[in-house]
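Undergrad: This is the structure I have questions about; it appears just below.
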Amino acid sequence: MSINIATYRTLSVLVLVALVAAVAFASVGRWVEAAVAVGVLVAAVITQAVLLRCQHCGTRPGLWLLAIWTLVLGPEWYIADALFLRRCPRCEKSLSQAKASSV
């Protein structure tokens, strides 16, 4: 599970870099490069949304965060929450701890 969390956080950094690149390219009128950066941004966000699964309740925390912050229209809040995701938004349990066996 820790590899998925590391990949998730790496994708969070990629989302931030792609957002900055898209804004920078759009501000100087380089529309093709800005469109490519937005495409990378969307692909990284979709990958993030389906990458992790909570071992306790089975939900996908990335999809929850994406839905919440898309409704509020706060991309900067989404990036911050995705980068520092440690607990499942649904069951509030740690994503890095394995589920205890119930024997």
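Undergrad: If you check every pair at least six apart or on different chains, which have Cβ atoms under 8 Å apart with a residue in the stretch 22-49 that is at negative phi first and a residue that is of a type outside the set (Ser, Thr, Tyr) and outside any helix (DSSP H, G or I) second?
TA: Ala49/Arg60
Undergrad: While we're looking at this one, here's another question. Just one of (1) aromatic (Phe, Trp, Tyr); (2) surrounded by 17 or more Cβ atoms within 10 Å (Cβ to Cβ); (3) at pLDDT below 75 trips up Phe25, so point out which.
TA: The one condition Phe25 does not meet is (3).
Undergrad: On the basis of being of a type outside the set (Val, Ile, Thr) and part of a loop (DSSP other than H, G, I, E, B), does Gly29 make the cut?
TA: Yes; evaluated as a whole, the condition is true for this residue.
Undergrad: In this structure, is Thr70 open to solvent by less than 90 Å² (accessible area, probe 1.4 Å) and either at pLDDT below 75 or more than 17 Å from Leu19 (Cβ to Cβ) (or both)?
TA: For Thr70, the condition - open to solvent by less than 90 Å² (accessible area, probe 1.4 Å) and either at pLDDT below 75 or more than 17 Å from Leu19 (Cβ to Cβ) (or both) - is met.
Undergrad: Being surrounded by 15 or more Cβ atoms within 10 Å (Cβ to Cβ), under 11 Å from the mean Cα position of the chain (by Cα) and of a type in the set (A, V, I, L, M, F, W, C): is that true of Leu19 here?
TA: The answer is no for Leu19.
The values are calculated or read from the model by the stated rules, or taken from the named source; none is laboratory data. Predicted, not measured: the structure shown is a model, and the values here were computed from it. We place every Cβ from the backbone using ideal geometry, glycine too, and count neighbours over all the protein chains shown. Note: accessible area is taken over every heavy atom of the protein model, side chains too, but ligands, DNA and RNA are not part of it. Shrake-Rupley method; radii C 1.70, N 1.55, O 1.52, S 1.80 Å.
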